[in-house]
Amino acid sequence: MLADAELDLLCRGRHADPFAVLGVHAAGDGFAVRSFQPGARTVALVDAGDGSLLATLHHRRDGLFEADAAGAPPADYRLRVQWHDGSEALLDDAYRFGPVLGEIDVWLLAEGTHLRPFEILGAHRRTIGGAAGTSFAVWAPNAARVSVVGDFNRWDGRRHPMRLRRECGVWEIFVPGVGAGAPYKYEIVAADGTLLPQKADPYAFQAEFRPATASVVIDSLPPPTPARPGRQRANALDAPVSIYEVHLASWRRKDGNQWLGWDELADTLVPYAQEMGFTHLELLPVSEHPFDGSWGYQPTGMYAPSSRFGEPQGLARFVARAHDAGLGVILDWVPAHFPSDAHGLARFDGTPLYEYADPREGFHRDWGTLIYNFGRTEVRNFLVGNALFWLERYAVDGLRVDAVASMLYRDYSREPGEWVPNVHGGRENLEAIAFLKRMNEVVGAERPQAMTLAEESTAFPGVSRPTFAGGLGFHYKWNMGWMHDTLAYMQRDPIHRKYHHHELSFGLVYAFSENFVLPLSHDEVVHGKGSLLARMPGDRWQQFANLRAYFGFMWGHPGKKLLFMGGEFAQQREWNHDASLDWHLLADPLHEGMRCLVRDLNRLYRAERALHEQDCEPAGFSWIDHGDAERSLLVFARHGRGDAATIVVACNFTPTVRGGHRIGVPRAGRWRECLNTDSAHYGGSNVGTPLAVATAQDLPWQGQSHSIVIDLPPLACVFFAWQGG
């Protein structure tokens with residue numbers, strides 16, 4: 001019989017090795033059987049096949065039952081339990097099963113080299129030894145005890161304490177009878193004996209709907225999706241990439257201000273983005289997060305699609321529908337930091353496990369969040385595996401990595417003395433840099449069709465250069481400098497713009513130092529900044545004309561495009577994450593005209609190789625006139641590969657019509673006006689080139705071999721495509 005000291009530890013849920021004493025074990029010439037069943041009146045051991053009695057267990061105390069029996073230990077058995085209310089149940093015993101994790105998996109986890117740790121950690125439905133159930137595995141190396149708790153054991157952490165695989169610090173157990181839909185958490189006792197708040201599973205694949213915080217067992221992971229070469233082509237540097245950035249919870253709502261589900265979004269958002277000519281959808285973070293107001297940027301469930309929009313399989317269907325419509329799907333991804341919610345990763349096993357221990361390294365004062373310990377192999381493995389998870393299991397086309405600048409610098413948003421230098425005494429976070437390189441290398445090797453994009457606001461070199469060339473390995477970088485400069489320019493009264501002409505032209509000084517995306521993102525329409533339309537100067541007509549001209553300049557400028565939802569139809573008010581966009585505005589011709597303009601800009605951008613083929617190469621751009629600050633005029637050319645693909649863009653950022661204006665063009669022949677942001681179709685004044693075609697004259701101008709004479713509209717950009725001789 002079990003000694004009183006061990007008995008006490010089991011009953012208090014403090015035993016260091018419950019698998020060594022619970023279940024059936026050889027003992028002398030027979031075997032011993034023990035089971036912890038609080039609330040039971042009797043417990044009997046029976047044969048799994050014919051139900052015959054093998055042993056009657058005696059109640060020692062506090063729900064611990066025990067018996068010694070003669071004969072060989074049974075290979076397969078069940079526990080027949082009679083409860084105090086008179087009911088009876090035939091239970092399988094979690095402690096009759098051996099380890100779930102294989103030795104290779106254990107060592108790969110210990111090394112931090114398991115590319116897909118989500119395949120073995122977390123909750124997985126399995127059938128073992130003829131028993132259907134769920135295996136649970138969680139990394140908590142400094143815990144004294146970890147138990148899985150849920151409805152299946154009345155949330156009692158004494159019932160299913162887990163086995164520790166000391167080689168890698170992972171606790172595991174297989175619990176028969178637990179099926180899909182079961183909520184669960186981990187109950188953890190810290191090394192000092194402190195009982196921690198119950199923790200959600202870091203590798204949970206589904207979570208309860210807020211404010212509930214439990215993890216949920218799913219039936220199975222989405223199967224790995226084979227790479228599609230067509231998607232890789234659509235993400236390439238020479239492909240048209242025009243991204244519609246969307247916050248799913250506020251793009252459109254249904255009756256009662258309710259969110260649309262995944263299938264409803266597939267029925268509405270996907271065809272809308274397709275009709276608008278966008279090539280990609282970018283979704284603000286869809287990982288589970290407890291606070292709506294974080295917009296998803298404070299996730300607690302990195303592997304769980306948000307329950308706000310339905311079951312996880314709905315996301316897979318949504319992505320498939322987008323692909324069928326020719327749209328790529330990019331997810332905003334947040335590996336920079338995580339919230340300090342008690343049920344999350346913070347001090348997960350009673351120690352700063354996922355975060356840096358020193359708050360000078362591990363706490364973001366700006367956001368009140370914790371910073372991942374990028375120097376720890378298991379943490380890097382958690383995050384790199386998460387990147388592959390979304391790309392492979394949900395077939396998304398790319399990850400836009402949030403807040404990269406905050407990862408790169410140890411002194412980010414900190415005063416002197418409030419940060420810890422790296423080993424060389426510098427400010428760079430060498431561990432985070434190594435992590436980003438590793439993530440991009442793994443994605444490139446395992447999912448070459450995918451792209452990664454960095455939101456990086458500093459001049460850190462080589463963000464979108466390969467790691468073998470000393471870069472971070474991203475495919476694209478958001479051009480925050482372009483966004484800040486050009487928005488500042490557009491907000492100015494046209495009479496003052498001549499003094500700030502460089503704010504439009506300066507971006508071309510560094511336009512090809514990285515592979516850039518031009519972002520007009522959600523960050524530009526919140527926190528009192530107002531909508532894009534509201535930031536434009538002048539009366540109502542001029543506000544619309546300014547925004548149309550800005551969009552024309554953006555779509556003509558080198559770099560891929562990104563526009564946050566609502567901008568395409570000139571949303572008037574600032575974005576509100578708790579309400580739908582103001583779709584009723586499309587009844588107004590000016591708003592509908594803006595929507596039509598963005599649609600046509602996208603279509604032109606995709607149709608004309610000159611506008612996208614060399615977006616990231618100096619050969620794709622040439623100035624024709626960037627010095628006319630007095631009249632706030634800009635003229636430039638975009639070039640595809642080969643002489644035939646050329647577009648000339650002429651921009652007028654004042655409300656004055658420039659009739660009979662001569663501009664240089666690079667070759668003889670006819671130049672067709674293929675888009676004019678001042679067209680009456682878009683709500684403009686309809687000033688433009690007669691017959692929409694200008695024939696080049698053999699008169700050199702502005703450094704070009706030929707020139708054309710055009711009527712340049714007010715507050716507008718006009719695109720001219722070369723039509724040949």
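Of all residues in segment 296-308, those being in contact with a helix residue (DSSP H, G or I) (Cβ under 7 Å, 6 or more places away or on another chain) and either of a type outside the set (A, V, I, L, M) or open to solvent by 10 Å² or more (accessible area, probe 1.4 Å) (or both) number 3. Consider segment 711-725 and keep the residues that are hydrophobic (A, V, I, L, M, F, W, C) and out of contact with any Pro (no Cβ under 9 Å at 6 or more places or on another chain). The one that is surrounded by the fewest Cβ atoms within 10 Å (Cβ to Cβ) is Ala721.
If we keep just the residues of segment 341-358 that are over 23 Å from the mean Cα position of the chain (by Cα) and among the small types (Gly, Ala, Ser), which is surrounded by the fewest Cβ atoms within 10 Å (Cβ to Cβ)?
Filtering segment 341-358 down to residues over 23 Å from the mean Cα position of the chain (by Cα) leaves 347, 349-352, 357-358.
Imposing the further condition that a residue be among the small types (Gly, Ala, Ser) reduces the set to 350, 357.
Details: Gly350: 19, Ala357: 12.
Here the residue is Ala357.
With a requirement of 3 or more residues that are in contact (Cβ under 8 Å) with a residue 40 or more places away in the chain, the strands (runs of 3 or more DSSP E) lying completely within segment 44-121 that satisfy it span 64-70, 77-83.
Search segment 466-488 for residues being in a helix (DSSP H, G or I) and in contact (Cβ under 8 Å) with a residue 24 or more places away in the chain, and hand back the single one that is surrounded by the most Cβ atoms within 10 Å (Cβ to Cβ). For segment 466-488, the residue satisfying everything is Trp482.
Answer yes if at least one residue in segment 276-286 is in contact with a Gly (Cβ under 6 Å, 6 or more places away or on another chain) and under 19 Å from Glu568 (Cα atoms), and no otherwise. Checking segment 276-286: at least one residue is in contact with a Gly (Cβ under 6 Å, 6 or more places away or on another chain) and under 19 Å from Glu568 (Cα atoms).
If I ask for residues that are in contact with a helix residue (DSSP H, G or I) (Cβ under 7 Å, 6 or more places away or on another chain), part of a helix (DSSP H, G or I) and surrounded by 16 or more Cβ atoms within 10 Å (Cβ to Cβ), which ones from segment 489-505 would you list? Tyr489, Met490, Arg497, Glu503, Leu504, listed by residue number. Screening the candidates Glu361, Glu431, Glu455, Glu378 for the property of being under 28 Å from Ala316 (Cβ atoms) and more than 18 Å from the chain's Cα centre (by Cα) yields one hit, Glu378.
Among residues belonging to segment 50-92 that are surrounded by fewer than 18 Cβ atoms within 10 Å (Cβ to Cβ) and of a type in the set (Asp, Glu), point out the one that is farthest from Val24 (Cα to Cα). By that ranking, first place goes to Asp85.
Of all residues in segment 375-425, those that are open to solvent by 10 Å² or more (accessible area, probe 1.4 Å), in a strand (DSSP E or B) and over 17 Å from Lys437 (Cβ atoms) total 0. The residues of segment 565-587 that are of a type in the set (D, E, K, R) and closer than 16 Å to Leu532 by Cβ, listed by number, are Glu568, Arg573, Glu574, Asp582.
Scanning segment 146-199 for residues that are under 15 Å from Arg14 (Cα atoms), open to solvent by 20 Å² or more (accessible area, probe 1.4 Å) and either touching a Cys at 6+ places or on another chain (Cβ under 9 Å) or not in a strand (DSSP E or B) (or both) turns up Asp156, Arg158, Arg159, His160, Ala191, Asp192, Gly193, Thr194, Leu196.
The values are calculated or read from the model by the stated rules, or taken from the named source; none is laboratory data. Only a predicted model underlies this, so the values are computations on that prediction, with no experimental measurement involved. Cβ coordinates were reconstructed from backbone atoms using ideal geometry, including for glycine residues, and neighbour counts include every protein chain displayed. Note: accessible area is taken over every heavy atom of the protein model, side chains too, but ligands, DNA and RNA are not part of it. Shrake-Rupley method; radii C 1.70, N 1.55, O 1.52, S 1.80 Å.
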